[in-house]
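**Q** Before we start, here is the structure in question, set down as structure tokens.
The values are calculated or read from the model by the stated rules, or taken from the named source; none is laboratory data. Please read all numbers here as calculations on a predicted model, not as lab measurements. Here the Cβ positions follow ideal geometry from the backbone for every residue, glycine too, while neighbour counts run over all protein chains shown.
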There are 2 protein chains.
Amino acid sequence: MLPTSRSPVLAVPFPVKQSMSRLVMKFGGTSVANLDLIRNVAAHVKREADAGHQVAVAVSAMAGKTNELVDWVQTMPQIAGQNAPFFDAREYDTVVASGEQVTAGLLAIALQSMGVEARSWLGWQIPVRTNGIHGSARIEEIDGSEIINRMGRGQVAVVAGFQGVGPDNRIATLGRGGSDTSAVGLAAAIKADRCDIYTDVDGVYTTDPRIEPKARRLSRISFEEMLEMASLGAKVLQVRSVELAKVHGVRIFVRSSFDDPQLIDSSPGSTPPGTLICDEDEIVEQQVVTGIAYAKDEAQISLRRVSDKPGVAAAVFGPLAEANVNVDMIVQNVSEDGSVTDMTFTVPDGDLEKAASVLEQARDEIGFEVLQSDPGMVKVSVIGVGMRSHAGVASTAFKSLSEHGVNIRAITTSEIKISILIDAAYAELAVRALHSVYGLDKE
Amino acid sequence: MLPTSRSPVLAVPFPVKQSMSRLVMKFGGTSVANLDLIRNVAAHVKREADAGHQVAVAVSAMAGKTNELVDWVQTMPQIAGQNAPFFDAREYDTVVASGEQVTAGLLAIALQSMGVEARSWLGWQIPVRTNGIHGSARIEEIDGSEIINRMGRGQVAVVAGFQGVGPDNRIATLGRGGSDTSAVGLAAAIKADRCDIYTDVDGVYTTDPRIEPKARRLSRISFEEMLEMASLGAKVLQVRSVELAKVHGVRIFVRSSFDDPQLIDSSPGSTPPGTLICDEDEIVEQQVVTGIAYAKDEAQISLRRVSDKPGVAAAVFGPLAEANVNVDMIVQNVSEDGSVTDMTFTVPDGDLEKAASVLEQARDEIGFEVLQSDPGMVKVSVIGVGMRSHAGVASTAFKSLSEHGVNIRAITTSEIKISILIDAAYAELAVRALHSVYGLDKE
């Protein structure tokens, strides 16, 4: 039986407390790209504050600013006569974190001029304590006490995203896109009722609307599903931030920063447009399939007639890991006679040459006969927590692709997703076919 | 007798210890305006480090960057619908201090790529503790211990100028041009043997070379004289930094950042081109007159027939101070019969209208008959610590100006300077005449 799609009209309103709630609002670089847009962000914040919410805001650098700063850092040593870019990640962090610092100060000023009490907070001031991995630090602890204190007195906290302070008392950045993680971490630290991620799309869709115009915005999606969507190419949210939200139970609401701030109802119980990422318990009518994701620019490598002995997988993937090649799908069949097998896996297109060269060097150790490689593959994935309790989801996908003449190269599955590797030429066709076969294009 | 000029060829070399010395090097915005120039600065620093000096560097923001950030801060509330610019000075500091942060990180990277061990330091990391007057904070304490510690191990400290941290644990900036003050404060904190201020001129001159091409670079000038030169319009150094240097006995060396770093001899005992600002005890052949300074855009206000009663000066200057008008030269003659007097003073041209309006409002209280005002005045000053012990310096000036047909409007004197107010049309003539009459144009 074909699983039915989730109907967004059935979505219940947020279980927001009728009393005052505590909100984190996060705005990315395109939402704060210039002074006018920062003013627009201030209007969004004012709306929530006026509605009686306690508000903390996390901001990114103005769009383009981080790229400029990163470019300076990377170019500097080259100018100084070096061939390969070399830079101290601690200095990188010092330079690049200045972008969020500027946005935070400007937004605080914009809010103040609109009559909203506000102050900016830098990572070291809160403090947001991180580990010492400069350039891609992880948050270890956020002291939310003073921010909670001031929110209680009506002050909006404007927090510079993307940054914390390391054990060495120096600025540590969380890696590109780290502002989402900042916002979720902050929400956990101040025990926020919700973390609103304002972005240039108005939510999470059943699939990419550029490929399938019938894609619909999901009113809710579970953390687990969003993790699969995010890591499979839906660029709405950083994977890390969703992981963090799952661990701390932070409900994320993805919404558009380009909606008119004046036209949005922020009163308790209202349901603004967007997608709530939450625990699956909160999703009343859980559907079997939630969305179709895809990832482009994959390359397939097959090692033929590999000797099927213990340790062969380590012999293949050890050298690849050392060479920093990110291996994704891995398929190994049971060999017929227990002596040789075929091993297939995917790597990013851009790493294919490197991967092939690494494997050729390790040929004797691995003991394969032929290395076949095919660039230009696409991985299409069917995602839904409902798969756990429903049979037949996979066979529905295979049947549909077969009917559309799409050749399946490899398949991997997890508890809540089925990933299928196909030729890039069939990507759009496959996405549309799967979107339709699970009824995702229907109201 | 006409005092003779100081001869720069008689200048003795720096009394630099033959052993390793500790240096602060300061580079302003035009010296770090782009990546190439930052690399040039790194070469200057490397030269000193290679010569065996322990080095700390203080840097400004890249030229134009501070103006851009200030403009954003000032424009933000206007965009938000305010008429007059309004902004929280704490947020101003947060935004604007990011400029020096970027330069410090980039210079540290440039140094590292040239094989010089270096790290950047932000105000809050050292820390540079300031008072709470955000936007124009004063340094209260700098903890130089960790920097001294690391310099001893061969690490160059690259310090973001212009910034410290206030009692509220927020970034506090020292006001425009505050990087000079940062450098001198740092030099005092780490007990540096010298603070080298690299700038776009190669030293302090006997007068402005754009007016008098025969102006000569001074090899040495005392703190007191430099204070007068700086406050009278020689734009080489911030007045505050010279005051701080005088208090802490920090020897400042003003030199050019555009000299080729490779061609400068930094070995102990060498005398690179520049001007040393030091205690007068260090100036072996102290001359009577050191330089001729001038300040443009002065306006003269004369109150005629002011009733000569106690408290009249307070009645005049109190309201002007309240209106934020900076009064400079003040001349009051003893009245003939003890009943009425004339009072003359100068204000900046741009404040003339405001000053006149304030005074008219206070006319009854002050009790003057006529208010005369003349814009377009220039103040020319003769400066030299030798005046203390030499008579006739003033009369030489008056005689020379008289011979050149320059009408003197007002005169004020201090222990080491004579200031003369004249019509702007005679400014260049007067500067040249005075420069010549004291022999400053002669080797």
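**Q** Restricting attention to segment A:99-116, report how many residues are surrounded by fewer than 24 Cβ atoms within 10 Å (Cβ to Cβ), hydrophobic (A, V, I, L, M, F, W, C) and facing another protein chain (nearest Cβ under 7 Å).
**A** Count: 1.
**Q** Another one. So in segment B:215-242, with the set limited to residues that are assigned to a loop (DSSP other than H, G, I, E, B) and either basic (Lys, Arg) or surrounded by fewer than 18 Cβ atoms within 10 Å (Cβ to Cβ) (or both), which one is modelled with the lowest pLDDT?
**A** B:Gly233
**Q** Kindly list the number of the only condition in (1) under 30 Å from B:Glu224 (Cβ atoms); (2) modelled with pLDDT under 90; (3) surrounded by fewer than 16 Cβ atoms within 10 Å (Cβ to Cβ) that fails for B:Gly350.
**A** All conditions are met except number (2).
**Q** Something else: For segment A:287-322, give me the residue count where each residue is closer than 26 Å to A:Leu352 by Cα, hydroxyl-bearing (Ser, Thr, Tyr) and buried (at least 21 other Cβ atoms within 10 Å of the Cβ).
**A** Adding up the residues that qualify gives 1.
**Q** Going by the conditions given, is B:Glu212 part of a helix (DSSP H, G or I), modelled with pLDDT under 95 and buried (at least 17 other Cβ atoms within 10 Å of the Cβ)?
**A** So B:Glu212 does not fit the description; no.
**Q** Please specify each residue of segment A:296-323 satisfying the condition of being among the polar types (S, T, N, Q) and closer than 27 Å to A:Asp423 by Cβ.
**A** Of everything in segment A:296-323, those that are among the polar types (S, T, N, Q) and closer than 27 Å to A:Asp423 by Cβ turn out to be A:Gln300, A:Ser302.
**Q** Next question. Quick check on segment A:18-57: of everything there that is part of a strand (DSSP E or B) and farther than 18 Å from A:Val201 by Cβ, which residue is farthest from the other protein chains (Cβ to nearest Cβ)?
**A** A:Arg22
**Q** While we're on this one: Would you confirm whether any residue within segment A:173-186 is within 14 Å of another protein chain (Cβ to nearest Cβ), surrounded by fewer than 21 Cβ atoms within 10 Å (Cβ to Cβ) and not hydroxyl-bearing (Ser, Thr, Tyr)?
**A** No, there is no match, as no residue in segment A:173-186 is within 14 Å of another protein chain (Cβ to nearest Cβ), surrounded by fewer than 21 Cβ atoms within 10 Å (Cβ to Cβ) and not hydroxyl-bearing (Ser, Thr, Tyr).
**Q** Can you list residue pairs whose Cβ atoms sit under 7 Å apart, with the first residue in segment B:31-45 being among the polar types (S, T, N, Q) and the second being assigned to a helix (DSSP H, G or I)? Count only pairs 6 or more apart in sequence or on different chains.
**A** B:Ser31/B:Leu37; B:Ser31/B:Val41; B:Asn40/B:Pro261
**Q** Can B:Val334 be described as without any contact (Cβ under 8 Å) to a residue 12 or more places away in the chain and among the aliphatic types (A, V, I, L, M)?
**A** yes
**Q** Any idea which residue in segment B:277-286 is modelled with the lowest pLDDT, counting only those that are surrounded by fewer than 22 Cβ atoms within 10 Å (Cβ to Cβ) and touching a Phe, Trp or Tyr at 6+ places or on another chain (Cβ under 9 Å)?
**A** B:Glu280
Okay, residues lined up against (1) buried (at least 16 other Cβ atoms within 10 Å of the Cβ); (2) touching a residue at least 40 places away in the same chain (Cβ under 8 Å); (3) not assigned by TED's automatic domain parsing to the domain that holds B:Glu225:
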site	(1), (2), (3)
B:Ser400	yes, no, yes
B:Gly405	no, no, yes
B:Thr412	yes, yes, yes
B:Leu421	yes, yes, yes
B:Tyr426	yes, yes, yes
B:Ala430	yes, yes, yes
B:Lys442	no, yes, yes
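**Q** Same structure, new question: Residue check: is B:Arg240 over 20 Å from the mean Cα position of the chain (by Cα) and farther than 30 Å from B:Asp36 by Cβ?
**A** No; evaluated as a whole, the condition is false for this residue.
**Q** Okay, moving on. Check whether at least one residue in segment B:297-309 is closer than 30 Å to B:Phe253 by Cβ, under 31 Å from the mean Cα position of the chain (by Cα) and not aromatic (Phe, Trp, Tyr), and report yes or no.
**A** No, there is no match, as no residue in segment B:297-309 is closer than 30 Å to B:Phe253 by Cβ, under 31 Å from the mean Cα position of the chain (by Cα) and not aromatic (Phe, Trp, Tyr).
**Q** Taking the stated definitions as given, is B:Glu369 farther than 18 Å from B:Glu228 by Cα and in the same structural domain as B:Asp328 (by TED's automatic domain parsing)?
**A** yes
**Q** Could I ask something else about it? For A:Thr94, are the conditions met, namely being within 24 Å of the chain's Cα centre (by Cα) and within 12 Å of chain B (Cβ to nearest Cβ)?
**A** Criteria not met by A:Thr94.
**Q** Does any residue in segment B:121-134 that is more than 16 Å from B:Met151 (Cβ to Cβ) and within 11 Å of chain A (Cβ to nearest Cβ) come within less than 9 Å, Cβ to Cβ, of a residue that is among the aliphatic types (A, V, I, L, M) and assigned to a loop (DSSP other than H, G, I, E, B) six or more places away or on a different chain, and which pairs are these?
**A** Close Cβ pairs (under 9 Å, with a partner that is among the aliphatic types (A, V, I, L, M) and assigned to a loop (DSSP other than H, G, I, E, B)) amount to B:Leu122/B:Ala97; B:Trp124/A:Leu122.
**Q** Against the definition (at pLDDT 95 or above, buried (at least 20 other Cβ atoms within 10 Å of the Cβ) and under 14 Å from the mean Cα position of the chain (by Cα)), how does B:Ala245 come out, yes or no?
**A** Yes.
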